[in-house]
Amino acid sequence: MNKKSVIGIVLIMAIFVGYMVWVSPSKEEIAERQRVYDSVQRAMQDSIAYADSVAAEKAKLDSLAAEGDTSAMRQLQIHKRGDMGVFNANAFGDTVNVTVKNELMTVNFTNIGAQVREVILGKYTTYDSLPLQLITPADDNMNLIFSTEDTRVINTKDLVFTAFREYNGKQLLPITGDSVYEVASNESIVLYFRAYVGDSTGLNHDKYIEFRYSVIGDEYDVDFDINFHGLKDVVRATDYMDFEWHNKMNRQEKVDASSRGSKNRNKDPEKFYSSIYYKALNDDVDEVGRGRDADKQVKTSVEWVAFKQQFFCAILVADSSFENVDMSQSVDKSNKDSRYLCDMSSTIGMPYKSDRDCNVGMHFYFGPTKYRDLRAMHRGFEKMLPLGWWVFSKFVSRYLIIPVFNFLETFNWNYGVIIIVFTILLRLVLFPLTFKSYQGSAIMRILKPEMDALNKKYPNQEDALQKQREMSKLQKKAGYSPMAGCLPLLIQMPILTAMFMFYPVSIELRQKSFLWCNDLSTYDSILDLGFNIPLYGDHVSLFCLCMFAMQLFYTWYTMKGQQMQANMPGMKFMMYFMPFMLLFMFNSMAAGLNLYYFCSLAITMTQMILIRKFTSEKKVRARMAAYDNKHKNAPQKKSSFEKRLEKMQRMTEEMQKQQQKRK
């Protein structure tokens, strides 16, 4: 190492040492850093200790609350809600439940969030005789969201409102504890829940948000208003606020255990007919998605939103309109909770006028989905009922089936008897349409010997067109037209589909017994199998078995002697397979629907047998002879159908000749 290298290393070391001395902290800085470190350590220890103490306190409060300690419950409320800014005085307080009973329902209100906590329909029970709970208690059934001028977001579900009831039409009496009020048919009760602006130092009784409810003695309606009083300089200016409405829907109807949670909605009628419905302003009623997970956003004005089950619904109706609605529903797929059906929720835009005191008027309907009652409200509620897929089917349901069914109800007969009488009347009305079809079946039975002879005369496939031509000529002579059977069936299809849709949604049949069946609105089980048969279920429905037996006999009777059996074995198989398919499809269907089909088939069979019996073979033969005499020497006019057959025959013969030439 030379002299220059040594000098370089020394200089580098000197620079390094000088830099370390220069950047090293002074005694004062070292002392300050130690102080900060000690402070942070103490803060961390205090934070851990505080968290431990909070956790310990909450655990203690949870234990006391579980034992019913009201003071502990109140402290838990404080922990939950925290700071509410200008509404801080409403962050805690005693829970007050107000129960109102009228002749039709029991409504439970709570001052926590000023919510409708629970609704029980008094005249109905669940399938296992429990109280029918339409609105299920939850902390988030109802929630209005808005911002204050100090940028805090307020959720009314976290506010403890002060409860009042109206006295003598003007005076407000405070409700300080759990209360129960019964309302007679000619009376009403008005409840007020107010959240005042204020803190621990006092309340400003001129500034508050108010939820007002009115319950009448003999109605399913609950009038509901939200009032903003003196909040112009408190609530941040906006055109609308979000109102959240949610409900956990419980099962009310019986369901095959194997179908609960199934993806096949048709095997679970209550799930299939459950959905969120809404009506947009100046538009028709629509739904989110029946019986499945779904969500929908409506960015136009909306008149009402409904949470609908198979036979019951909860509807929120605006006095004017809502601004927009976001809706979502989630159905049960777990099959773990036999009581749970689905969750339905909506976020509704409520108009708000920030420049003055504001009122948002609306009302609830909590009740059954009876067509006549829903239609009487003139808000389009009845259109929630699925009464057919076609326009004509819906027309038949609304203006023929339902009015006649309601008329028969006035006789106070058993509903099974009403279904039987209704079916008889319907078949009598349809008889003129089906007479030609049944008579044609009788004529074809008379012509069976001639048809058999034609089958023997033209056994080969290349003679099929000629055979069809001869058969058509024979049928024409006897006065039979193939169209006579098709046209009546087309006319009846809308009526048949309307009946198929009517019975499963008819609340009139709910929990009405007939013979061995306890409830005509659901399946009648005479035997619980204890195991599940795929597509069939875990039970045996006797009405379904009766319908199956009658359908099988009907198929055998109508197919007997028809020529398609010899030439179209696939068609024969399909016709006999249909009753077995219906057996699997209808085993979990409403007993009333199976009873209707059984009666309808029985009446149809009776009509067919009588027509066949009284269709004189002598008259048919005489008609055929008269036809021959009339057209013996006269040139025969050919129908368009016969002309098409001849054309097809000529084309076939020409193709066969061409094939023979190639060979």
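The values are calculated or read from the model by the stated rules, or taken from the named source; none is laboratory data. Quick caveat: nothing in here was measured; it's all calculated off a predicted structure. Using ideal geometry, Cβ is built from the backbone for each residue, glycine included, and neighbour counts are taken over all protein chains shown. Just the protein is used for accessible areas: all its heavy atoms, side chains included, with ligands, DNA and RNA removed. Shrake-Rupley method; radii C 1.70, N 1.55, O 1.52, S 1.80 Å.
Could you pull out every one of the strands (runs of 3 or more DSSP E) wholly within segment 274-349 that has 2 or more residues that are open to solvent by 30 Å² or more (accessible area, probe 1.4 Å) and small (Gly, Ala, Ser)?
On the way: elements: 275-280, 285-287, 294-298, 302-308, 312-322, 325-331.
By residue number, 325-331.
How many residues are open to solvent by 60 Å² or more (accessible area, probe 1.4 Å) and outside any loop (DSSP other than H, G, I, E, B) if we restrict to segment 360-389?
5
Need the failing condition index for Gly169 against (1) loosely packed, with under 13 Cβ neighbours inside 10 Å; (2) in contact with a helix residue (DSSP H, G or I) (Cβ under 7 Å, 6 or more places away or on another chain); (3) not hydrophobic (A, V, I, L, M, F, W, C), just the number.
It fails just one condition, (2).
When you go through Ile189, Ile216 one by one, which is the residue that is in contact (Cβ under 8 Å) with a residue 40 or more places away in the chain and closer than 18 Å to Ala114 by Cβ?
The unique qualifying residue is Ile189.
Inside segment 190-200, can you point out the residues that are out of contact with any helix residue (DSSP H, G or I) (no Cβ under 9 Å at 6 or more places or on another chain) and in a loop (DSSP other than H, G, I, E, B)?
Across segment 190-200, there are no qualifying residues.
Rundown of residues vs (1) within 27 Å of Ile401 (Cα to Cα); (2) modelled with pLDDT of 80 or more; (3) open to solvent by less than 40 Å² (accessible area, probe 1.4 Å), yes/no style:
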residue: Gly479; (1), (2), (3): no, no, no
residue: Gly485; (1), (2), (3): yes, no, yes
residue: Pro488; (1), (2), (3): yes, no, yes
residue: Ile491; (1), (2), (3): yes, no, no
residue: Phe500; (1), (2), (3): yes, yes, no
residue: Pro504; (1), (2), (3): yes, yes, yes
residue: Ser513; (1), (2), (3): yes, yes, no
residue: Asn518; (1), (2), (3): yes, yes, no
residue: Ile533; (1), (2), (3): no, yes, no
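Taking only pairs six or more apart or across chains, which ones have beta-carbon atoms under 7 Å, a first residue in segment 70-98 that is over 19 Å from Ala163 (Cα atoms), and a second residue that is at pLDDT below 55?
Ala72/Leu61; Gln75/Leu61; Leu76/Leu61
For residues that are within 30 Å of Pro368 (Cβ to Cβ) and among the aromatic types (Phe, Trp, Tyr), tally how many sit in segment 161-218.
5
Among the residues of segment 255-279, write down those that are under 19 Å from Ser506 (Cα atoms) and at pLDDT below 85.
Val255, Arg265, Asn266, Lys267, Asp268
State the number of residues belonging to segment 405-421 that are open to solvent by 50 Å² or more (accessible area, probe 1.4 Å) and either assigned to a helix (DSSP H, G or I) or in contact with a Leu (Cβ under 6 Å, 6 or more places away or on another chain) (or both).
Pass one, segment 405-421, residues open to solvent by 50 Å² or more (accessible area, probe 1.4 Å): 407, 410-414, 417, 420.
Narrowing the set further to residues that are either assigned to a helix (DSSP H, G or I) or in contact with a Leu (Cβ under 6 Å, 6 or more places away or on another chain) (or both) leaves 407, 417, 420.
Matching residues across segment 405-421 total 3.
Taking the options Phe211, Phe164, name whichever one is touching a residue at least 40 places away in the same chain (Cβ under 8 Å), within 27 Å of Asp357 (Cβ to Cβ) and hydrophobic (A, V, I, L, M, F, W, C). Please lay out each step first, then the result.
Details: Phe164 fails: touching a residue at least 40 places away in the same chain (Cβ under 8 Å).
Answer to the selection: Phe211.
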